[in-house]
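Trainee: I'd like to ask some things about the structure below.
The values are calculated or read from the model by the stated rules, or taken from the named source; none is laboratory data. What you are looking at is a predicted structure, and each value in this text was computed from that prediction instead of being measured. In this analysis, Cβ positions are derived from the backbone assuming ideal geometry, glycine residues included, and neighbour counts consider all displayed protein chains. These accessible areas exclude ligands, DNA and RNA; they are computed on the full protein's heavy atoms, side chains included. Shrake-Rupley method; radii C 1.70, N 1.55, O 1.52, S 1.80 Å.
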Amino acid sequence: MKSTAFDTNAALAEQVVSELAALKPHSRVLIPSGSTPQWIYDALAATDIAERLTFFALDEWVNVPSDSDGSCLSMINQDFVHKCAHPVQLIHFDPDASTEQNIAHYNAALNGEEFDYVILGVGMNGHIGLNEPGVAFDADYLQTKLDDVTIKVASNKYFSGDVTLTEGITVGINKILKAGKVIVVINHEAKKEIYQEIVHIDAQHTLIPAIYIKQFPQVHYYITKNLQG
């Protein structure tokens, strides 16, 4: 397992932005929504690096309008796209489209290529995107039934009104692992327990995506030092 600890979120973000700056023009970058990447997005938006990359949203709630305050698209737009002074190309899932239509949309945008760089967060239950505990790890894309932990956390954290979350669509673990580099960012005290599970549980015998992927050489965990020990 590759893991690098940073003193601060700002230092972690600086490292990620430097790696994005080193990518070739038109490289394909898979990005998450939520609170984990906000430091990275603030640092990236202060540069013109994003203008020459193509971004793909990692996931989306199914049957939640894209303009809802807690949709993955709304969060990425608010935290990143709308902060950039330059245009940003963002490919995203349509929560009202069929799974087949969404897959075709992503594959057309990738045009036979794979993601060059992937930024991930980790859920409290160890999910990656909306690859929930127990999903098949051999899927490129999938529509998933949401875990109870995901529903509770997301409903309370991201939505200001009542919402019914049941399913999500996400880039699958198999597709993620085809990328050139995958970084898994864990930078909040609340994630200390799941990080320790990632460190200590056998990747060969797990149903938890964040643990399973640690065995692959292109996967690198970027954490803040408060999670150690």
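Trainee: Taking the stretch 174-192 as the search range and keeping residues that are open to solvent by 60 Å² or more (accessible area, probe 1.4 Å) and at pLDDT below 95, which one is farthest from Ala139 (Cα to Cα)?
Mentor: Going through the qualifying residues, I end up with Glu189.
Trainee: Here's something else I'd like to know. Just to check your reading of the model, which residue among Gly134, Gly126 is of a type outside the set (A, V, I, L, M) and within 24 Å of Glu189 (Cβ to Cβ)?
Mentor: None of the others qualify; the one that does is Gly126.
Trainee: When you go through (1) farther than 24 Å from Ala97 by Cβ; (2) touching a residue at least 40 places away in the same chain (Cβ under 8 Å); (3) outside any helix (DSSP H, G or I) one by one for Ile213, which number turns out not to apply?
Mentor: (3)
Trainee: Quick check on my filter: what residues within the stretch 32-81 are in contact with a Cys (Cβ under 7 Å, 6 or more places away or on another chain) and polar (S, T, N, Q)?
Mentor: Matches in the stretch 32-81: Ser33 only.
Trainee: Exactly one of these conditions fails for Ser98: (1) under 17 Å from the mean Cα position of the chain (by Cα); (2) more than 25 Å from Ile186 (Cβ to Cβ). Give me its number.
Mentor: For Ser98, the failing item is (1).
Trainee: Now for a different question. What residue, of Asp48, Asp138, is under 26 Å from His205 (Cα atoms), open to solvent by 30 Å² or more (accessible area, probe 1.4 Å) and more than 17 Å from the chain's Cα centre (by Cα)?
Mentor: Going through Asp48, Asp138 in turn, the sole match is Asp138.
Trainee: Checking Val199 against (1) part of a helix (DSSP H, G or I); (2) at pLDDT 95 or above; (3) open to solvent by less than 50 Å² (accessible area, probe 1.4 Å), which test does it fail?
Mentor: Of the numbered conditions (1) part of a helix (DSSP H, G or I); (2) at pLDDT 95 or above; (3) open to solvent by less than 50 Å² (accessible area, probe 1.4 Å), the odd one out for Val199 is (3).
Trainee: Can you pull out the residues in the stretch 111-124 that are at pLDDT 95 or above, in contact with a helix residue (DSSP H, G or I) (Cβ under 9 Å, 6 or more places away or on another chain) and surrounded by fewer than 17 Cβ atoms within 10 Å (Cβ to Cβ)?
Mentor: Correct list: Glu114 only.
Trainee: Here's something else I'd like to know. Only residues that are in contact with an Asp or Glu (Cβ under 9 Å, 6 or more places away or on another chain) and surrounded by 15 or more Cβ atoms within 10 Å (Cβ to Cβ): list them for the stretch 18-29, please.
Mentor: Leu23, Ser27, Arg28, Val29
Trainee: Then there is this: When you look at Tyr158, is it within 18 Å of His26 (Cα to Cα) and hydroxyl-bearing (Ser, Thr, Tyr), yes or no?
Mentor: No: the conditions fail for Tyr158.
Trainee: Within the stretch 104-129, how many residues turn out to be over 23 Å from Gln196 (Cβ atoms) and in a loop (DSSP other than H, G, I, E, B)?
Mentor: Number of matching residues: 6.
Trainee: Provide a single number: the residues in the stretch 15-35 that are within 19 Å of Val182 (Cβ to Cβ), at pLDDT 95 or above and not in a strand (DSSP E or B).
Mentor: 13
Trainee: Say we look at the stretch 6-55 and pick out the residues that are free of Cβ contacts under 8 Å to residues at least 60 places away in the same chain and of a type in the set (Ser, Thr, Tyr); which of these is nearest to Val171 (Cα to Cα)?
Mentor: Ser33
Trainee: Another question about this same structure. Which of the residues that make up the stretch 184-229 are out of contact with any helix residue (DSSP H, G or I) (no Cβ under 6 Å at 6 or more places or on another chain) and of a type in the set (A, V, I, L, M, F, W, C)?
Mentor: Val184, Val185, Ala190, Ile194, Val199, Leu207, Ile208, Ile213, Phe216, Ile223, listed by residue number.
Trainee: With respect to the numbered conditions (1) within 17 Å of Glu132 (Cβ to Cβ); (2) modelled with pLDDT under 95; (3) touching a Ser or Thr at 6+ places or on another chain (Cβ under 7 Å); (4) open to solvent by 30 Å² or more (accessible area, probe 1.4 Å), which one is the sole condition not fulfilled by Val163?
Mentor: (1) is the only condition that Val163 fails.
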